[in-house]
Structures are given as C-alpha cells and as structure tokens.
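Some notes on the structure that comes next.
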Amino acid sequence: MDNSAFQGPAASEDDGVRNRQLGATLSTSSSADLVSPQKEKANEKTVLLKRKVGLLSGISLIAGTMIGSGIFISPVGVLSSTGSVGLSLVVWAGCGIIAMLGSLSYCELGTMIPRSGGEYAYVMDGLGGVFAYLYAWVSVFVIRPSSMAIICLTFAEYALDPFYDACGPPELTKKCLAVVAILLITAVNCYSVKLATRVQVIFTVAKLLALGVIIVGGIYILIEGQTGDIDTEFKGTISNPSVIALAFYDGLWAYDGWNNLNLVTEEIKDPQKFYQLL
C-alpha cells in the first residue's frame with residue numbers, strides 16, 4: 001500500500017514545491033541553451049594580428065635587421081681582435097655558420113610554435129611562465145632598448161658626419177637625431193603594418209646598394225693588383241683565446257637579426273609554408 005496517501009496535505013505541498021523547483025531548473029537550462037550560441041559567437045570575436053607579412057616583406061625584414069649598423073662597425077673590432085686579415089676572415093665565416101644554424105633552428109620552431117614573441121613564446125612553452133617573464137623583462141628593459149640605441153646612434157653619426165669637420169658632430173646633436181629616428185620608427189610601426197613592411201623593403205634595398213658599392217670597390221682594388229694584405233694574410237695573428245672570443249662577439253653583432261622574423265609569426269600570411277620556403 002502507498003504510504004503517501006496517509007501523509008496528508010504536507011506531502012502535497014512538498015510535491016508542489018519540488019515540481020516548481022524542477023520547472024524553474026528546466027526553464028533556466030532551456031533559456032541557457034538558447035543563449036549559448038550567441039555567447040559562443042561572441043567568444044569567437046577575439047582580437048588577432050593582421051597577417052600582412054608575405055615572402056618578400058619577410059625576407060626584407062630579416063635582411064633589413066641583419067644588414068644594419070653592425071656590418072659597418074664590427075669589421076674594425078674583428079680585425080683589431082684577430083690581428084690579421086686571414087684570421088678575421090675565419091672569424092667571419094664561423095659567425096656566418098653559427099647564424100645559419102640558429103636560423104634553421106628558428107625556422108623549425110616557427111612551424112612548431114606559430115605564435116609571435118620569438119624567444120618569449122618558446123621559453124613559455126619549454127620552461128614555464130616564470131622564466132618567460134624574466135626573459136621578457138630583461139629583453140624589454142635591457143636588451144632591445146640598448147640594441148636600438150646603438151643602431152640609432154650609429155645612424156645619427158653617419159647622417160651628420162658630412163655636415164661637420166674632422167671633429168665630428170656634437171654628442172647632443174647625435175642623441176637628438178637618434179631620438180627622432182626612434183620616434184619616427186615607432187610611429188610608422190604603430191600606424192600600419194603594411195607601411196612598415198614597405199619602409200623595410202625600401203631601406204633593405206638601400207643597404208644592399210651600399211654593400212654592393214663596397215664589394216665592387218673591393219673587387220676593383222684586387223683587380224688593380226693591390227693584394228699586399230692577402231699575401232701576408234696571417235701575419236700578426238693574435239693567439240689569445242679571450243681576444244679571439246671578442247672578435248666572435250663583434251662578428252655575431254653584425255649577423256644579429258636572423259631571429260627577428262619569429263617575433264611577428266602571427267603576422268605572416270602562411271607561417272608553415274613561409275618557413276619551409278626559407
């Protein structure tokens with residue numbers, strides 16, 4: 001026999017409360033089901049970087065950042081640290097091999113971890129957030145600003161030299177021009193990615209033309225028979241390992257920039273295909 005028949009009005013009231021609670025739960029879940037597609041659609045509207053960097057602009061980015069102030073400053077340091085033309089050429093070749101191996105490794109990393117940030121993204125995946133934060137802090141406040149300061153100061157010195165005598169331009173004038181250059185570069189990159197890539201292509205062509213003039217001039221001198229330094233290429237070579245290490249440091253500074261494309265991986269149109277072409 002059913003005992004609920006003997007429980008009276010209290011049992012009926014309890015059943016009514018449970019039914020109302022169940023109905024409210026069902027109506028809430030059904031309304032949530034109706035709203036969820038809209039929420040999902042809103043969540044899909046995330047902010048992404050514009051993929052405007054193609055093959056030509058990407059190569060220009062690498063070449064433009066590699067061919068900078070280093071190639072015009074480092075040869076003096078390499079030659080003074082090696083003491084001879086022959087050993088300096090060996091150091092340049094070694095630095096080129098190191099840069100090539102590093103760039104091949106970064107091509108692989110760019111296809112495996114297709115996110116912008118370069119070393120930050122790779123340290124984040126490999127070692128965790130703490131080490132990634134420490135690297136980002138050092139890079140933002142020490143490494144990148146100092147590198148940009150050297151590049152812009154070098155640009156200011158070469159740009160102002162024709163307008164001054166042998167003493168050179170004043171330090172304040174060079175620093176002011178360097179600050180203007182940094183602000184101009186920042187404004188161009190903030191305004192448009194496409195404009196920044198076009199400016200990069202233009203300056204890359206100008207740098208290649210400058211290097212072409214230097215290379216053609218050197219070949220012309222060799223054709224004329226001025227080969228005295230080559231005939232005694234290893235004369236005066238410095239054998240101190242610490243000094244030769246400084247020569248490698250200067251040489252690698254000239255090759256610096258081969259990893260910069262991985263900083264904008266999310267702006268590349270097709271990262272996997274792009275890195276395979278490289």
- prompt: In segment 100-127, which residue that is touching a Leu at 6+ places or on another chain (Cβ under 7 Å) and part of a helix (DSSP H, G or I) is nearest to ASN260 (Cα to Cα)?
  reply: CYS107
query: What are the pairs, 6+ residues apart or on separate chains, where a residue within segment 48-61 that is under 13 Å from SER116 (Cβ atoms) and open to solvent by 100 Å² or more (accessible area, probe 1.4 Å) has its Cβ under 9 Å from a residue that is of a type in the set (Asp, Glu) and modelled with pLDDT of 75 or more?
result: LEU48/GLU266; LYS50/GLU267; ARG51/GLU266; ARG51/GLU267
message: Yes or no: segment 235-252 includes at least one residue that is surrounded by 14 or more Cβ atoms within 10 Å (Cβ to Cβ), assigned to a helix (DSSP H, G or I) and in contact with a strand residue (DSSP E or B) (Cβ under 9 Å, 6 or more places away or on another chain).
response: no
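With segment 128-210 as the region, which helices (runs of 4 or more DSSP H) entirely inside it contain at least 3 residues that are over 20 Å from ILE73 (Cβ atoms) and open to solvent by less than 100 Å² (accessible area, probe 1.4 Å)? Please lay out each step first, then the result.
On the way: elements: 129-138, 144-160, 171-191.
Helices (runs of 4 or more DSSP H) meeting the threshold: 129-138, 171-191.
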message: If VAL78 satisfies all but one of (1) modelled with pLDDT under 85; (2) hydrophobic (A, V, I, L, M, F, W, C); (3) open to solvent by less than 50 Å² (accessible area, probe 1.4 Å), what's the number of the condition it fails?
response: (1)
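Considering LEU222, LEU246, LEU209, which residue is touching a residue at least 12 places away in the same chain (Cβ under 8 Å) and under 30 Å from THR82 (Cβ atoms)? First the steps, then the outcome.
Values: LEU222 fails: touching a residue at least 12 places away in the same chain (Cβ under 8 Å); LEU209 fails: touching a residue at least 12 places away in the same chain (Cβ under 8 Å).
Result: LEU246 is the single residue among LEU222, LEU246, LEU209 that is touching a residue at least 12 places away in the same chain (Cβ under 8 Å) and under 30 Å from THR82 (Cβ atoms).
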- request: Could you list, in sequence order, all residues of segment 104-138 that are touching a helix residue (DSSP H, G or I) at 6+ places or on another chain (Cβ under 8 Å), hydroxyl-bearing (Ser, Thr, Tyr) and closer than 22 Å to TYR249 by Cβ?
  value: TYR106, TYR135
- request: With the condition kept exactly as written, say whether any residue in segment 258-274 is closer than 25 Å to THR82 by Cβ and crowded, with 16+ Cβ neighbours inside 10 Å.
  value: yes
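Could you please give the count of residues in segment 211-224 that are more than 15 Å from GLY68 (Cα to Cα) and either charged (D, E, K, R) or open to solvent by less than 50 Å² (accessible area, probe 1.4 Å) (or both)?
Within segment 211-224, the first condition is being more than 15 Å from GLY68 (Cα to Cα), and the residues that meet it are 213, 215-224.
Imposing the further condition that a residue be either charged (D, E, K, R) or open to solvent by less than 50 Å² (accessible area, probe 1.4 Å) (or both) reduces the set to 217-218, 224.
Residues in segment 211-224 being more than 15 Å from GLY68 (Cα to Cα) and either charged (D, E, K, R) or open to solvent by less than 50 Å² (accessible area, probe 1.4 Å) (or both): 3 in total.
The values are calculated or read from the model by the stated rules, or taken from the named source; none is laboratory data. In this text, all values refer to a predicted model and were calculated from it rather than measured experimentally. Neighbour counts run over all protein chains shown; Cβ positions are idealised from the backbone, glycine included. Ligands, DNA and RNA are excluded from the accessible area calculation, which covers all protein heavy atoms including side chains. Shrake-Rupley method; radii C 1.70, N 1.55, O 1.52, S 1.80 Å.
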